1. Run down SER327, SER304 and say which single residue is of a type outside the set (Phe, Trp, Tyr), within 30 Å of GLY110 (Cα to Cα) and at pLDDT 90 or above.
2. Among the listed residues VAL444, VAL459, which satisfies the condition of being of a type in the set (Val, Ile, Thr), within 23 Å of PHE296 (Cβ to Cβ) and out of contact with any strand residue (DSSP E or B) (no Cβ under 9 Å at 6 or more places or on another chain)?
3. Quick one: in the stretch 78-99, which of the residues that are open to solvent by 10 Å² or more (accessible area, probe 1.4 Å) and in a loop (DSSP other than H, G, I, E, B) is nearest to ARG477 (Cα to Cα)?
4. Within the set of pairs 6 or more residues apart or between chains, which connect a residue that is open to solvent by 40 Å² or more (accessible area, probe 1.4 Å) inside the stretch 548-573 to a residue that is hydrophobic (A, V, I, L, M, F, W, C) and not in a helix (DSSP H, G or I) with Cβ atoms less than 9 Å apart?
5. Collect the residues in the stretch 30-55 that are under 12 Å from the mean Cα position of the chain (by Cα) and assigned to a helix (DSSP H, G or I), keeping them in residue-number order.
6. Keeping to the stretch 505-514, report how many residues are under 24 Å from the mean Cα position of the chain (by Cα) and either modelled with pLDDT under 85 or surrounded by fewer than 17 Cβ atoms within 10 Å (Cβ to Cβ) (or both).
7. Return the residues of the stretch 564-587 that are closer than 16 Å to TYR470 by Cα and at pLDDT 80 or above; say none if nothing qualifies.
Amino acid sequence: QSLTQPVTPDLLVSPSSQDGDLGSECPEDRGNWTGRLDFLLSCIGYCVGLGNVWRFPYRAYTNGGGAFLVPYFIMLAICGIPIFFMELSLGQFSSLGPLAVWKISPLFKGVGMGTILIVSLVAIYYNMIIAYVLFYLFASLTSDLPWQHCGNWWNTELCLDHHVIKAGNNSLPINISNTVSPSEEYWSRYVLHIQGSSGIGDPGRIRWNLCLCLLLSWTIVYLCILKGVKSSGKVVYFTATFPYLILVMLLIRGVTLEGAWKGIQFYLTPQFDHLLSSKVWIEAALQIFYSLGVGFGGLLTFASYNTFHQNIYRDTFIVTLGNAITSILAGFAIFSVLGYMSQELGVPVNQVAKAGPGLAFVVYPQAMTMLPLSPFWSFLFFFMLLTLGLDSQFAFMETIVTAVTDEFPYYLRPKKASFSAVICIALFLMGLILTTEGGMYWLVLLDDYSAGFGLMVVVITTCLVVTRVYGMKRFCRDIHMMLGFKPGPYFRACWMVLSPATMVALLVYNIVKYQPSEYGNYHFPTWAEVLGILMGVLSCLMIPIGMVVSVLQEEGTLWERVQQASRPAMDWGPSLEENRTGMYVASLAGSQSPKPLMVHMRKYGGITSYENTAIQVDREMEEEDEEESM
């Protein structure tokens with residue numbers, strides 16, 4: 001109870017604070033998670049998103065089927081788990097957001113600025129995808145799905161209805177290569193109305209039905225993050241668990257369909273020759289990287305609301321392995337339905353399999369029309385996508401709001417709800433271009449470039465700063481102080497060498513194998529490519545800009561300024577005085593206590609296991625200082 005409700009120890013109460021004068025000068029309390037599972041479910045909801053459903057299954061089947069799981073789990077061990085644990089440790093130790101956490105080394109504060117820029121760009125287009133999901137969700141509330149048949153005003157002569165083929169019972173095979181399914185025309189010609197735009201430079205008119213869906217999705221997000229983690233932490237009890245129920249229902253329905261095994265076979269048949277290709281390993285690392293959401297600041301933000309001794313070591317393994325298992329399960333649910341669909345249409349599975357929005361808004365909705373009670377299954381599928389998308393969006397918004405409010409706690413923390421509203425309105429207005437007839441081109445551009453190489457540079461820099469500038473020994477000691485044990489050789493080896501080396505390989509591969517963006521047969525003009533590249537470069541440029549600013553704030557020669565700016569700030573460390581031991585003692589502004597440990601012993605009677613750890617850490621540091629002086 002003492003950990004969840006911090007008590008201000010007697011020795012820390014200064015005479016002035018008893019008068020109540022100090023209250024006006026202190027920032028409002030940041031707050032914490034209100035329930036034990038809030039943090040864990042928020043992390044699961046954040047990591048398990050749309051990518052698990054529409055990217056992983058397709059990546060697996062194109063990169064060796066079942067054999068893809070070998071590089072996938074190896075990359076999870078090398079890249080995913082260690083960086084995930086590092087982010088959680090930084091957040092929980094400091095109780096600070098992605099900007100203020102760079103008190104660890106103020107020279108690199110630009111990394112935090114780059115993170116916020118990336119997250120803001122992603123939040124703009126991610127909520128547009130949620131708006132598309134809402135559009136389909138409402139369209140499913142009918143007895144006949146609108147994308148079930150041809151013959152609507154948006155259909156063309158190329159439209160071919162599979163129900164007609166089935167009813168015709170043709171013995172001759174029909175050539176469907178030059179035809180378009182009703183679901184594809186519904187998506188492109190009705191939902192997007194893409195025929196009204198000639199390209200990215202000609203957005204056309206705003207689609208008001210999409211605009212209202214986008215407004216609704218931002219309203220839902222705002223209402224859920226209104227009170228910060230206190231409100232979003234409760235919403236995730238539903239949004240993080242309900243998708244699993246629907247996924248299991250879709251999986252059971254899928255595997256009981258005729259021809260389902262054909263699709264599953266296609267998904268899982270191992271082709272081990274693919275493992276000799278570097279592309280497969282890179283694809284596995286990319287899937288891990290984006291699926292776990294490392295580098296976006298969401299994990300760090302969520303961990304910053306934990307109590308100081310929360311067992312994030314255990315949580316790391318629960319979330320990362322749970323995320324991987326969910327991806328594999330989603331593959332079964334998707335490919336069982338695709339197998340049934342390929343049998344119905346009489347075409348190979350690879351002709352119906354797609355990734356990304358093509359799977360969610362064209363292929364799967366078409367498959368739904370072939371099932372009895374199709375509106376019910378369609379509604380379930382899109383409701384699952386909605387809940388999967390929303391909790392990832394909560395994390396993006398919480399990251400932006402927390403980062404800025406931690407920078408200006410005196411002004412913004414009391415007005416957090418109003419500030420959140422301002423951010424949501426600003427991002428909604430920026431996203432309006434995505435609701436136009438050419439909005440899909442802008443969405444593809446944002447998707448391809450906003451979180452590409454910029455995000456990798458951010459993660460590589462974070463890894464190198466923590467291990468090389470701050471120091472591996474010091475970081476491990478901080479974790480020891482927080483969790484009661486030091487990270488083992490596996491984590492240290494990954495942080496020092498394996499994770500940064502893999503990330504650098506990913507970055508080089510992305511640059512060398514760069515391909516211009518395209519959407520269907522449309523190739524983006526050069527100015528759009530340049531704009532996209534600038535999006536990625538801008539987040540990287542934040543790092544040197546931040547360095548220049550922090551060096552200018554110091555005094556002395558250039559080298560002395562750089563050295564001073566790279567050292568941790570005076571108030572770096574645990575946010576509560578009672579958790580500060582060793583080198584962190586009495587480094588908080590207004591600190592009255594020479595030894596918080598004595599306060600603990602007075603308050604709680606005796607020494608707990610965590611105080612024992614604190615004594616041990618202090619002793620280790622004293623021994624190290626003696627060795628250095630000798």
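1. SER304
2. Result: VAL459 is the single residue among VAL444, VAL459 that is of a type in the set (Val, Ile, Thr), within 23 Å of PHE296 (Cβ to Cβ) and out of contact with any strand residue (DSSP E or B) (no Cβ under 9 Å at 6 or more places or on another chain).
3. SER95
4. MET570/LEU588; MET570/ALA589; ASP571/LEU588; ASP571/ALA589
5. Residues satisfying the conditions are SER42, CYS43, ILE44, GLY45, TYR46, CYS47, LEU50, GLY51, ASN52.
6. Residues that pass the stated criteria total 5.
7. Passing the criteria: GLN564, ALA565, SER566, ARG567, PRO568, ALA569, MET570, ASP571, TRP572, GLY573, PRO574.
Matching residues to (1) more than 16 Å from ALA501 (Cα to Cα); (2) in contact with a helix residue (DSSP H, G or I) (Cβ under 7 Å, 6 or more places away or on another chain); (3) part of a helix (DSSP H, G or I):
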residue	(1), (2), (3)
TYR441	yes, no, yes
LEU445	yes, yes, yes
VAL458	no, yes, yes
THR461	no, yes, yes
THR467	no, yes, yes
GLY471	yes, no, yes
ILE479	yes, yes, yes
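The values are calculated or read from the model by the stated rules, or taken from the named source; none is laboratory data. Model, not experiment: these values are computed from the prediction. All Cβ positions, even for glycine, are placed from backbone atoms using ideal geometry, and neighbour counts span all protein chains on display. Only protein heavy atoms, including side chains, enter the accessible area calculation; ligands, DNA and RNA are left aside. Shrake-Rupley method; radii C 1.70, N 1.55, O 1.52, S 1.80 Å.
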